[in-house]
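The values are calculated or read from the model by the stated rules, or taken from the named source; none is laboratory data. Values in this document were obtained by computation on a predicted structure and should not be read as measured data. Here the Cβ is made from the backbone with ideal geometry for all residues, glycine too, and neighbour counts use every protein chain on show.
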Amino acid sequence: MAALCRLKSMLALVTGGGSGIGRAISKRLSLEGASVAVVDLDIGSATDTLQLLSHNFPEQEHAAFAADVSQAHSVSTLMKQMQARYSIPPRIAVSSAGITKDEFLLHLSEDSFDSVLNVNLKGSFLITQAVARAIVASGQNGGSVINIGSIVGKVGNLGQANYAASKAGVEGLTKTAAKELARYQIRCNTVLPGFISTPMTDKVPQKVLDKFAGMIPLGRLGHPQDVADVCAFLASNDSKYITGASIEVTGGLFL
Ligand SMILES: CCCCCCCCCCCCC[C@@H](O)CC(=O)SCCNC(=O)CCNC(=O)[C@H](O)C(C)(C)COP(=O)(O)OP(=O)(O)OC[C@H]1O[C@@H](n2cnc3c(N)ncnc32)[C@H](O)[C@@H]1OP(=O)(O)O
Ligand SMILES: NC(=O)c1ccc[n+]([C@@H]2O[C@H](COP(=O)([O-])OP(=O)(O)OC[C@H]3O[C@@H](n4cnc5c(N)ncnc54)[C@H](O)[C@@H]3O)[C@@H](O)[C@H]2O)c1
């Protein structure tokens, strides 16, 4: 197989890189030659991810950063730290940081609503804005923003009014960013994973899983790698004419 080097000399920022899908994306982008800034609330898990990244090219430099994507000041500090470390802006920005606080609507608290929207939607906004600003300020056009939504943002899900709202918002945010940032050749796309086996889905009650068993046409739960492969495509020039798209990575769940 030809050496994977579609992202050689590119700097990628991946939030939520300490676990699950974000960790798989970090690994996949490094395999294709990118230097990866692994960003997570949990610096320990982000540092653990560093140990898993590829170093196939001498210029690859990976680093871990602690940041809370829901807080503007934290994202601002992150960007300053990245500027000091790399002196170039990230050309690939993946927002994978996300949380759930599941509860039926009738019992859902304001705090559970706010915290999920702040991390999942506002976090994607803050990262998209910060990276776009850095690219525009560099005077050199070009970049790929990849925001991780969810099929739940499209179809809804029992117990996830907050989460579904946040993920539907991520799509609207990303489509608008695609329209506004095209003039800078910054492409913005949303990935909609289905049920992917990660610590996030480990919390789903077994009786719920049992209800959905057999509902996935491709016959298996998704792996984080399944999402990472699509993100590598969206990060690369192989998707150079794609922006504003929402790509479902679901195995056909909820077709
Ligand atoms: C096996 C292959 C696919 C499995 C798919 C199952 C999930 C649906 C698709 C999600 C895909 C993408 C998700 C992705 O974005 C990442 C995540 O968000 S992972 C978290 C997903 N969260 C949920 O699906 C919510 C699960 N439900 C709960 O956590 C609890 O039910 C809760 C909402 C906290 C309420 O708990 P409580 O103890 O008050 O009630 P019960 O758990 O006893 O539930 C009462 C009855 O409602 C049924 N129920 C609950 N949630 C769902 C659901 N999402 N879909 C269908 N039915 C649901 C539950 O089975 C009980 O039914 P019964 O009265 O018959 O026992
Ligand atoms: N697993 C699935 O089935 C599935 C499906 C659809 C969408 N998604 C989305 O994919 C993304 C990754 O999910 P996952 O399954 O890998 O979850 P995960 O829980 O394994 O990883 C989420 C990561 O985000 C980090 N994080 C949480 N809040 C943060 C914050 N405020 N600032 C910075 N980092 C923060 C966590 O520390 C963790 O490392 C999430 O946005 C999730 O909503 C997951």
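All of (1) within 9 Å of ligand 1 (Cβ to nearest atom); (2) touching a residue at least 24 places away in the same chain (Cβ under 8 Å) hold for Ile135 with one exception: (1).
If the condition is being of a type in the set (Gly, Ala, Ser), in contact (Cβ under 8 Å) with a residue 60 or more places away in the chain and within 13 Å of ligand 1 (Cβ to nearest atom), then region 140-157 contributes only Gly149. Among the conditions (1) aliphatic (A, V, I, L, M); (2) away from ligand 2 (no atom under 13 Å from the Cβ); (3) in contact with a Gly (Cβ under 6 Å, 6 or more places away or on another chain), the only one that Leu158 does not satisfy is (3).
Within region 178-194, the set of residues being farther than 9 Å from Thr243 by Cβ, more than 15 Å from the chain's Cα centre (by Cα) and hydrophobic (A, V, I, L, M, F, W, C) is empty. Restricting the search to helices (runs of 4 or more DSSP H) fully inside region 104-183 and requiring at least 2 residues that are under 17 Å from Ile21 (Cβ atoms) gives 123-138, 151-155, 161-181. Taken over region 126-154, the residue count meeting the criterion of being surrounded by fewer than 24 Cβ atoms within 10 Å (Cβ to Cβ), farther than 11 Å from Leu13 by Cα and not aliphatic (A, V, I, L, M) is 8. What do you reckon, is Val191 crowded, with 19+ Cβ neighbours inside 10 Å, in a strand (DSSP E or B), more than 9 Å from ligand 1 (Cβ to nearest atom) and touching a residue at least 24 places away in the same chain (Cβ under 8 Å)? So Val191 fits the description; yes.
Just so you know, in region 199-216 the residues that are in contact (Cβ under 8 Å) with a residue 60 or more places away in the chain and not in a helix (DSSP H, G or I) include one that is nearest to ligand 1 (Cβ to nearest atom), and it is Met200. Listed here are the strands (runs of 3 or more DSSP E) enclosed by region 1-101 that have at least 1 residues being in contact (Cβ under 8 Å) with a residue 60 or more places away in the chain and in contact with a helix residue (DSSP H, G or I) (Cβ under 7 Å, 6 or more places away or on another chain): 11-15, 92-95.
When we screen Lys167, Lys175 for residues that are among the charged types (D, E, K, R), touching a Cys at 6+ places or on another chain (Cβ under 8 Å), closer than 24 Å to Leu126 by Cα and modelled with pLDDT of 95 or more, the only hit is Lys175. The conditions of being within 16 Å of ligand 1 (Cβ to nearest atom), without any contact (Cβ under 8 Å) to a residue 12 or more places away in the chain and among the charged types (D, E, K, R) are not met by Lys167. Considering only region 217-248, state which residues are in a loop (DSSP other than H, G, I, E, B) and surrounded by 14 or more Cβ atoms within 10 Å (Cβ to Cβ). Within region 217-248, Leu221, His223, Ser236, Ile242, Thr243, Gly244, Ala245 meet the criteria.
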